[in-house]
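Student: Dumping the structure here so I can ask a few things about it.
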Amino acid sequence: MTSTNEAPAGAAGEGPVEKVLAGTGTFLDDRLHAAKSTRTLLKKVFPDHWTFLLGEIALYSFIILLLTGTFLTLFFKPSMTSLVYHGTYSRLDGVRMSEAYASTLNISFDVRGGLLMRQIHHWAADLFMAAIMAHMIRIFFTGAYRKPRELNWLIGITLFTLGMLEGLFGYSLPDDLLSGAGLRILEGVILGIPIVGTYISFFLFGGQFPGMDIIPRLYIIHVLLIPGLLLALITAHLFLMFHQKHTQMPGKGRTDKNVVGQPLYPYFMAKTGAFFFFVFGVLALLSALAQINPVWLYGPYNPVAMSAGSQPDFYMGMLEGALRIFPNWSWNLWGHTFAWNVLIPALVPLGLLFTGAALWPFLERWITGDQREHHVNDRPRNAATRTAIGIAVITWYGIMWLEGANDVIADHFQISLYTTTEIARYAVVIGPVIAYILTKRICLGLQRKDAATLLHGYETGIIQMRPNGEYVELHAPVPEEERAVLEARTTAPLPLEAGSDDDSGVPDPALRGPVGKLRLALNRVVTESVPLPVGNGHGTNGHGNGHGGNGHGSSVAGEPERAAVTSGEDGKTLLGRDSPEDPGEH
Amino acid sequence: MSWIIARRRRPVAGYAVVLLGLIAVGVVYAAFTTQGSPASASSPAASSRETAVGRQLFVQNCSSCHGLLAQGTNTGPSLIGVGAAAVDFQVSTGRMPLKEIEAQAQRKPPVLNTAQTHAIAAYISSLGGGPAIPGASQVSTQGADTGLGQQLFTSNCAQCHNFVGAGGALTQGKYAPALTASTPTQIYEAMLTGPEAMPVFNDTTITPSEKRDMIAYVTETRSAPNPGGFSLGRVGPVTEGLVGWIGGIGALVLSALWITAKRRVHE
Amino acid sequence: MSSTEGYTGDFPPGGGPDGGEAEASRAPHRVIGTPPPAEQRTLLGTSESDAPPAPPRELPADPDDLAGASRAEKIVAALFILAMLAGFGFIAAYIGLPLGASLDSVLRSNLALGISMGVAFMAMGVGAVIWVRRLMPDVELTEARKPLASPPEDREAFAETFREGAETSQFVKRPILRRSLIAATVPLLLAPLVLLRDLGPLPGTKLRHTVWRKGLRLVISDTGRPIRPADFGSPGGMITVIPEGYQTNDNALVKATAIIIKFEPGELKYPTNLKWTVDNIVAYSKICTHVGCPVALYEQTTHHILCPCHQSTFDATKGATVLFGPANRPLPQLPMGVDSEGYLVALSDFKVPVGPSFWERG
């Protein structure tokens, strides 16, 4: 709306679009001067890929959590006052319980739609955390955290941490047997903290566990403090994504200098709106059909009791597993107890995970020396070492996670309980190593396959006999679109070279000394990759290979060639494969 | 194989892979939700003629392990003094006669009928007394206080059998069985006699009336509907997490694949 | 709002008799079918009439497959109507399905509300996706990315402004001003921490003690009945006990809860303190020494006590020493005797602190 004329004649009354433009549009622009910026917004291009919607699951789950959570606060009483229940759920008639638990029963059995809202709230919390995990995994494997998106990666990790806390506090509120046990374990862990542990515990619980204060305190943190922080950080997360423009998957015509996709208005709006409906719909159906957190079956918290198979929600399972597998080390020194059996499993695995994840983008940038902006995602295979590290971490996490459910696994698959723990104790160390090695080999193998495909095209299955009696298989050329994907290696890490020069011809001083040597060694590992065949028309991405006398993974088409894995350590060819002649002679 | 290779680049291939994955995990999930139906209760009786029949049945079915005089052997413990309740529990749940030595005898369809079971019970009882088979009035849940039952069950049973009696793992391959198929009589007998690893809860520590309350709580809860939908095995958050990932994230990933799939109109 | 390209209006897809469908599919940018009734509808057409001609529109007005789009329109409309019906169904279920005393009524209500709500949203979602995939023409646009880093001159200009401000404010030049400001903020930052002090009392030695004392009876939890050794006569018996008079005191029970176990003569061995046992009955704390879960998973055949939380296993015959798992210390044994009426009583508090490790425990 560049015009300031209010209600231009002839515009009104000619279709809804014109009416809106003339009416509301003019009204708003006269006051906000927003026509130009809003138009830019509407035309903003969003790239499409199904994995880009994982984060949206988390976003929409969060909105649903806010909506259903508000409903629940209208009925929930965050009070630990003891009462004797005589309500609708007759099986607990005459049982002593807290007001919080009784009001949860009330929401479930006396408020119409209350059980549905409770279940949607809990399922949405599970989905929120699951989607954050899946989203984070996608970001990691495609390298979408790289410059310029490191800040958003850090915000994401903070959101993950806050989400865990929010969930833990949330499922503690109903004061049922399971949540009380969770709080009891939390208290035990806090007590294990050296020097300040007992003080923190007494301040948190307002005295001895359980006291009368913990649920009101957790309540206000759960409904106000953390949701506020989450909302602020999610806003920042989305704003940064918006401002920096979304990454895109490699493909024809997609570079670090553009973004290919469909405009916000009307395409992305319609799609993301549809996805919001799907998230809400799936949550409503799950909550109609699958019972979650049946607190009436757990019973109220009772300090003398505990149930078999007590587990936290899945996103805390890794912590539970770590507590189960860690050996019972503990020291008594100078009149003080160092409870390593509690401290290490409670703090170290998650600490390592979050600190490692937070530092990784910067560490990788330091190792590769890659200061470029990246807007085209990596295919996971093309960053073999990163992918291998990711799979190793997932394996490590997954083993502890499984061990967090080892009693249920032992019971249902009839394995000895101790055996599961013993296996996990070894697997948590060996598993990641095996996962790393396997993944790296598989990634390099896939790279090799891509290189071969680029060189020869696809196998057609048609066998041709040559005049000399030789049989060859005909290969079809790779379609242009797929070729673009296979060649998308512009973002592969840059190898550093000892004594290599920068743009102005000065040797890099950062590569001397022990730190520099370490950096070089790490660089060789991280940048290990199968070179693309040259002569495929990708001049922009010819990153150097061949340091230290490496074999060249390229050859003139038409000769038998060898796609070689180059390893920086000694430059020897690790794996190779003879290929048949290229019949296409492209 | 070549059929798959030929189709792997089709747009449906992605859905097919996700679908296969879902089915695979669904099968795993099925293993987590085992169900059983409660059997009907039996009534106890004892007479001197029954004892003779019982002895005969004992010799045929039990004496190879427990000895001809129930005095016990290397493979089976002495049954003198265990009481009729123990015999009825073991035989009516199909645990005895044992087919093979395991970490723990499993619940099976009973080999002997109720009359035969009671006959053996009467014979064993005649050897050295012990707890009797509870009568119908003892296991009637009429007018029981489920609230007290819930508290006693949670304090004393739930740590092994889980909060609703879905069972749980013990050490060295043993397990606390699910109470989904146990009759009120069997639950009573189990508390009274402490089969296998289970501790004994005699009638002075937990009175018969309190036992009835506990039985009422277990049997009413297990037959109660799940107002929130499918029970997911009633084993707590483990299956919930599984369903959240498979049902929730799985379904949403499928819809995300659909929303973002390339359009192929002219194929 | 965006109108510089010249809107051609909301042409109904496939509404008109379009014989040239195949033709249209090859030229999606051309407006086909009946043209919109008035070109002058273009909002800013008059005001920009002297401006250079509007650039060609970026988005095609109609999809290639107009007949398919018409079919899709019907499907989408049907889905939206389904969503509407389901929405009404939700309201009807809320009003028509009251909650009674039975769980079945809750189940019915939850199913009806959840499924109607789920169907409504799913129908909206499916409809919207079909709409965008079948009714909106497929486009792919490319937008240029500007480098995120500002041009050097902008950075320099910013730096200059920043420097200027810093100088003008005198903050850099006058250290006393600067330091006193910093000094002023320190107590203000500490104040909130101080405010947290009254969140709870100091621990003192509270964690070292429980409410057990000499002569306090052991009673069965939930029923509150005291126990005579003879009542607990069957070997293999186990029961949860609490101190008499504390049945409703959760703070006390959290530490004082214990289990008593009856053994065959001779089964109890060192390091169990036999002086604290009565008639082969021993009392152990029920609170796990790992992180404090109640342990009571007792196997009478192996005499293992297992914690259901993290699977620490204790040997009940040998003073509840640790056999397996993350717990480091045995479950403390409660000194136990009988009073004049023959009931089980505590002889004193536990001799060592119960429950999880804490720093001052030693």
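The values are calculated or read from the model by the stated rules, or taken from the named source; none is laboratory data. Every value quoted in this text rests on a predicted model; they were computed, and no experiment measured them. Here the Cβ positions follow ideal geometry from the backbone for every residue, glycine too, while neighbour counts run over all protein chains shown. Keep in mind that these areas ignore ligands, DNA and RNA; they rest on the heavy atoms of the full protein, side chains included. Shrake-Rupley method; radii C 1.70, N 1.55, O 1.52, S 1.80 Å.
Student: Where in the range A:253-368 are there helices (runs of 4 or more DSSP H), lying wholly inside it, with at least 1 residues that are open to solvent by 20 Å² or more (accessible area, probe 1.4 Å) and aromatic (Phe, Trp, Tyr)?
Tutor: By residue number, A:269-289, A:340-368.
Student: Would you check if C:GLY337 is within 12 Å of chain A (Cβ to nearest Cβ), more than 34 Å from the chain's Cα centre (by Cα) and open to solvent by less than 40 Å² (accessible area, probe 1.4 Å)?
Tutor: Considered against the rule, which asks whether it is within 12 Å of chain A (Cβ to nearest Cβ), more than 34 Å from the chain's Cα centre (by Cα) and open to solvent by less than 40 Å² (accessible area, probe 1.4 Å), C:GLY337 comes out as no.
Student: Counting just the residues of the range B:245-267 that are open to solvent by less than 10 Å² (accessible area, probe 1.4 Å) and farther than 20 Å from C:GLY114 by Cα, which one comes out farthest from the chain's Cα centre (by Cα)?
Tutor: In this case the residue turns out to be B:ILE259.
Student: When A:GLY321 is evaluated against the numbered criteria (1) over 16 Å from B:VAL238 (Cα atoms); (2) in contact with a helix residue (DSSP H, G or I) (Cβ under 8 Å, 6 or more places away or on another chain); (3) more than 7 Å from every other protein chain (Cβ to nearest Cβ); (4) not charged (D, E, K, R), which criterion, by number, is the only one it fails?
Tutor: (1)
Student: Right, next: Tell me which residues, restricted to the range C:184-198, are open to solvent by 60 Å² or more (accessible area, probe 1.4 Å) and among the aliphatic types (A, V, I, L, M).
Tutor: If the condition is that a residue be open to solvent by 60 Å² or more (accessible area, probe 1.4 Å) and among the aliphatic types (A, V, I, L, M), then C:VAL186, C:LEU188, C:LEU189, C:LEU190, C:LEU193, C:VAL194, C:LEU195, C:LEU196 are the ones that fit.
Student: Scan the range C:115-132 residue by residue and report those that are under 14 Å from A:TYR267 (Cα atoms) and open to solvent by 40 Å² or more (accessible area, probe 1.4 Å).
Tutor: C:TRP131
Student: While we're on this one: Could you tell me which residue of the range C:240-249 is surrounded by the most Cβ atoms within 10 Å (Cβ to Cβ), considering only residues that are within 14 Å of chain B (Cβ to nearest Cβ) and at pLDDT below 90?
Tutor: C:GLN247
Student: Could you list, in sequence order, all residues of the range C:203-223 that are in a loop (DSSP other than H, G, I, E, B) and touching an Asp or Glu at 6+ places or on another chain (Cβ under 7 Å)?
Tutor: C:HIS209, C:THR210, C:TRP212, C:ARG213, C:GLY215, C:LEU216, C:THR223
Student: Still on this structure, I have one more. Please give the strands (runs of 3 or more DSSP E) falling wholly within the range C:254-332 in which 2 or more residues are open to solvent by 10 Å² or more (accessible area, probe 1.4 Å) and farther than 26 Å from B:LEU152 by Cβ.
Tutor: Output list reads C:321-324.
Student: Quick one: how many residues across the range B:254-265 are touching a residue at least 40 places away in the same chain (Cβ under 8 Å) and at the interface with chain A (Cβ under 7 Å from one of its Cβ atoms)?
Tutor: The qualifying residues number 1.
Student: Let me ask something additional. Kindly evaluate C:ALA230 against the criterion of being farther than 22 Å from A:LEU178 by Cβ and in a helix (DSSP H, G or I).
Tutor: Here the answer is yes, as C:ALA230 does meet what is asked.
One line per residue, one yes/no per condition, for (1) farther than 18 Å from A:TYR145 by Cβ; (2) within 19 Å of the chain's Cα centre (by Cα):
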{"residue": "A:LEU225", "(1), (2)": "yes, no"}
{"residue": "A:THR235", "(1), (2)": "yes, yes"}
{"residue": "A:MET241", "(1), (2)": "no, yes"}
{"residue": "A:GLN248", "(1), (2)": "no, yes"}
{"residue": "A:GLY251", "(1), (2)": "yes, no"}
{"residue": "A:ARG254", "(1), (2)": "yes, no"}
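Student: Step by step: first the residues of the range C:116-164, then only those that are free of Cβ contacts under 8 Å to residues at least 12 places away in the same chain, out of contact with any Ser or Thr (no Cβ under 9 Å at 6 or more places or on another chain) and of a type in the set (Val, Ile, Thr), then the one that is farthest from A:GLY113 (Cα to Cα). Which residue is that?
Tutor: Filtering first and then ranking leaves C:THR161.
Student: Filter the range B:220-244 down to residues that are more than 7 Å from chain A (Cβ to nearest Cβ), in contact with a Phe, Trp or Tyr (Cβ under 7 Å, 6 or more places away or on another chain) and open to solvent by less than 30 Å² (accessible area, probe 1.4 Å), then give me how many there are.
Tutor: Adding up the residues that qualify gives 2.
Student: Any idea how many residues of the range C:254-299 are within 14 Å of chain A (Cβ to nearest Cβ) and of a type in the set (Val, Ile, Thr)?
Tutor: 8
Condition check ((1) under 30 Å from A:ASN377 (Cα atoms); (2) assigned to a helix (DSSP H, G or I); (3) modelled with pLDDT under 95; (4) in contact with a Leu (Cβ under 6 Å, 6 or more places away or on another chain)) across all residues:
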site	(1), (2), (3), (4)
A:LYS147	yes, no, yes, no
A:LEU154	yes, yes, no, no
A:ILE157	yes, yes, no, no
A:ILE195	no, no, yes, no
A:SER201	no, yes, yes, yes
A:PRO227	no, yes, no, no
A:LEU231	yes, yes, no, no
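Student: Okay, moving on. All but one of (1) at pLDDT below 90; (2) at the interface with chain A (Cβ under 7 Å from one of its Cβ atoms) hold for C:GLN170, so report the exception by its number.
Tutor: (2) is the only condition that C:GLN170 fails.
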